[in-house]
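First comes the structure, then the notes that go with it.
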Amino acid sequence: MSATEVDFGPSPDGDNSVDTVDRVSDDSDGDNTVDTVDCDNEVTPRLVIAIDFGTYACGIALQWRSDYENTNCLESIKVPTKWSSTGFCTRKTPSCILLKPDKSVAEFGYKADFQFSKNESIPERRRPKDWKDWYFFRYFKMRLYSGEEQLTVDTPMEAANDKHLPMVEVLSKTIGFLKDEAINMLKEDGVVYPEEETKWVITVPAIWNDPAKHVMHEAAEMAGIMGKNLSIALEPECAAIYCTTLPLDKMDVASNTKKTTNIAAPGQTLMVVDMGGGTVDITTVKINEDKTMKQVYKSCGGPWGGTRVNEKFEMFLRDLIGQETIRTFVEKHAIDYYDLRMDFESRKREMKSSDDQIPIKLPDSLRQLWERAEDKEIDDILEGKENFGNIEFMSGRLFLDASIIQKFFQETIDGLQKFLKEDVFSENPNVTVDSLILVGGFAESSYVVHCLRESLKARNIPVVRPQLPELAVLNGAVLFGQNEKIVVSRVMRHTYGVAMTMDFVPEKHREDERYQLGRQLMANNVFRKHVTVGQTVKISEWVSCKEYYPESEKETKTTVYIFTSDSEDPVHTTDKGCTYIGQVDVEFGRGSVPMKKKAVTVEFKFGGTELKVRALTTTGNRTHVRYLKVQ
């Protein structure tokens, strides 16, 4: 059934505004039954394992409950440093996965990127015979930042080598690999994995919509993580939890605006800016007296992540060296191209506002291609490139004037600064921010931090960052798994409601949604609002209960269609900005049931990181519950 075939009608009594109902009646037989139980897991886990699934890099961390309760909760979080790149061990590894033709995982992270680059570089006769049937995906998480696209588990994801797989399959392979790595950590310590007593936490951006979170949840279950043991956590909230646990001497506080006090003190309002590879994700929380947090305005953000700087660098190289030369270099010397990308990533993070020149290793294969294409030696070539800025070549490196590299950052920094000014501070003038905390891999760049400090100096807002900003989300995800109730309320990013039919009102409803039902003119696809964008809701509470009725006493089943909207007061579910996200299928039981007995109570639970919707009906002395099925 499509989302437009909604057959909810108005209450037989003409009252469509019942917000609270008694859901379970007294049952002398003790036979109040629930057909599906709420899957919220309230059991304290023995072990928490977190997966930070970033656009640029992924990481895993774990912590035993006993360590969380008996020691410094930060010191007992175990993060592996086994990932290696060019001889260095790192705590995270790139979000790259190489799959064999049978779709099993061949390599992941640095090894996947290197192996793909290596096989692309060697002659075809030395490649695996079935190489054309392999799949390689690099930095693919941004595919879930969908804009207006309606994501599903079947949405295709394009590989770097022009192949495709369903999105959920690529995600599940990635989560499965990281899951196995975490379990292997336990085995190396001689510990048995306590599957039933383990809480798994997977992080996602707060600005993702509900279908994207659902795809991630489905992928985790496909990877073998039990749904009842899984939580989807919001990245900037995890970072906030981590940063408020840190002592101030573990924070980079270089503010000349005002004295920075304990950022975790009750009453403090913190804006957390999670600067990842693909997106910047912003959430603002206030610390309560009991050290819990409440969100004070809705999460927001956009595509201003660090990978955009890498893209600008590659565009610069194409203009400087030539499109055809770079194309040949990438195709014929993919492993050198890999080294070039890794070197720039390091330089990008190490860059400071005080730097005069930035050295970039120039692969010898690229230098030779460039010299052949120009029929000159590289020093002579650079003499004719003055319009690109001050560039020198020494000891196998291009030394670029720092102002050249700074331009690669400018579009991203300007976009974020403009967004903070026009969309965050201007829209929320009554909220005072005590500290702005920068986290994420892009916040490793001292240059980025310097620019944001300068732009916020006039607002007198201290800009701080933890000493390991790349690990803030990962460590915070572990702490969130230990205490999910630390965030007590959130602000809605969308309006949520149910599609229904009702009496047609010419001044309100669109003419194309009018239809005839007997002698009555009805409006179809009416958006009945349950919660409004910007509204604060509590966590772990079923809210906004409303009653609905079928159009006919003859109906034995119906479907509740759930929609979101960007508008505060949408009229129809077919209005611009409305999105269908799922449905709840309801049955009324056998036999003739009067209309008044066919009430369907719909209620929402918005406070958790994943939307829950349930519909309740009563037949005789039995209450039946059905839950949302996301598209």
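Computed from the Cα positions only, the extents of the chain along the three principal axes stand at 90, 60, 58 Å, in decreasing order.
Can you figure out the FRET efficiency of Lys228 with Thr536, using R₀ = 25 Å and their beta-carbon distance, to the nearest 0.05? Intermediate results must be reported in sequence, preceding the final value.
Values: r = 28 Å, r/R0 = 1.11.
The pair Lys228/Thr536 has a calculated efficiency of 0.35.
Heavy-atom accessible surface of region 533-582, averaged per residue, reaches 46 Å², computed with a 1.4 Å probe.
Note on region 181-236: Rg/Rh from Cα positions, Kirkwood definition for Rh, rounded to two decimals, is 1.05. Roll a 1.4 angstrom probe over the protein heavy atoms and tell me the percent of accessible area of the chain that is carbon or sulfur. So the carbon and sulfur contribution to the accessible surface is 45 percent.
Which of Lys421/Lys612; Lys129/Lys187; Lys103/Lys141 have a Cα-Cα distance over 24 Å? Mind showing how you got there, number by number?
Numbers: Lys421/Lys612 34 Å; Lys129/Lys187 35 Å; Lys103/Lys141 18 Å.
Among Lys421/Lys612; Lys129/Lys187; Lys103/Lys141, the Cα-Cα distance tops 24 Å for Lys421/Lys612; Lys129/Lys187.
Subtracting the Cα-Cα distance of Lys554 and Glu507 from their residue separation scaled by 0.36 nm leaves 13.7 nm.
Label-to-label distance, Gln406 versus Asp339, with points set 7 angstrom from Cα along the beta-carbon direction: 3.1 nm.
Each stretch of four or more DSSP H residues adds -39500 (n - 2.57); spread over every residue of the chain, this sum gives -8000 deg cm²/dmol at 222 nm.
Under a Cβ-Cβ cut-off of 9 Å, what is the net charge of the residues other than Val487 that fall near it, where Lys and Arg count +1 and Asp and Glu count -1?
Working: positive: Lys294, Lys485, Arg490; negative: Glu237, Glu484.
Net charge in that neighbourhood comes out at +1.
Name the aspartates and glutamates eligible as straight-distance cross-link partners of Lys173: C-alpha to C-alpha under 14 Å, and not fewer than 8 places from it in the same chain. The qualifying aspartates and glutamates are Asp102, Glu107, Glu181, Glu218, Glu221. Under 19 Å of direct C-alpha separation, and excluding same-chain neighbours fewer than eight residues apart, Lys598 reaches these lysines: Lys546, Lys554, Lys557. Measuring spread by the Cα atoms of region 469-611 yields a radius of gyration and Dmax of 18.9, 65 Å.
Derived scalar couplings between HN and Hα for region 223-228 equal 7, x, 8, 5, x, 5 Hz in order, rounded to whole Hz, by the Karplus curve 6.51 cos²θ - 1.76 cosθ + 1.60 (θ = phi - 60°), x for Gly and Pro. Within straight-line reach of Lys291, meaning a Cα separation under 18 Å, sit the following aspartates and glutamates at least 8 residues removed in sequence or on another chain: Glu69, Glu237, Asp434, Glu484.
Distances over 25 Å make up what percent of all Cα-Cα pairs in region 85-209?
On the way: 2767 of 7750 pairs.
Cα-Cα pairs in region 85-209 separated by more than 25 Å: 36 percent.
As a ratio to 2.2 N^0.38 Å, the alpha-carbon radius of gyration for region 156-288 is 1.32.
Shown for the chain are the DSSP H helices of 27 Å or more along their axis, judged by Cα atoms, with a mean Kyte-Doolittle hydropathy of at least -1.0: 167-188. With Cα atoms defining each centre, region 377-391 and region 180-245 are spaced 50 Å apart in the structure. Sites listed here are trypsin sites (Lys or Arg not before Pro) in region 367-450 whose DSSP assignment is loop and whose Cβ has at most 16 other Cβ atoms within 10 Å: Lys376, Lys385.
Under the combined filter of DSSP loop state and at most 11 neighbouring Cβ atoms within 10 Å, region 462-525 retains these GluC sites (Glu not before Pro): Glu507. When +1 charges are put on Lys and Arg Cβ atoms and -1 charges on Asp and Glu Cβ atoms, the dipole computed for the chain relative to its Cα centre reaches about 540 debye.
Please compute the per residue accessible area over region 427-492 with all protein chains in place, 1.4 Å probe, rounded to a whole number of Å². If you can, show how the numbers build up before the last one.
Numbers: 2130 Å² over 66 residues.
I get 32 Å² per residue for this part.
Every pair of different Cα atoms in region 275-345 enters the Kirkwood calculation, which places the hydrodynamic radius at 15.3 Å.
The values are calculated or read from the model by the stated rules, or taken from the named source; none is laboratory data. Just so it is clear, the model here is predicted, and its values are computed rather than measured. For neighbour counting, all protein chains shown are included, and Cβ atoms are generated from backbone atoms with ideal geometry for every residue, glycine included. Each accessible area value is taken on the protein alone, full model and side chains, heavy atoms only, with ligands, DNA and RNA left out. Shrake-Rupley method; radii C 1.70, N 1.55, O 1.52, S 1.80 Å.
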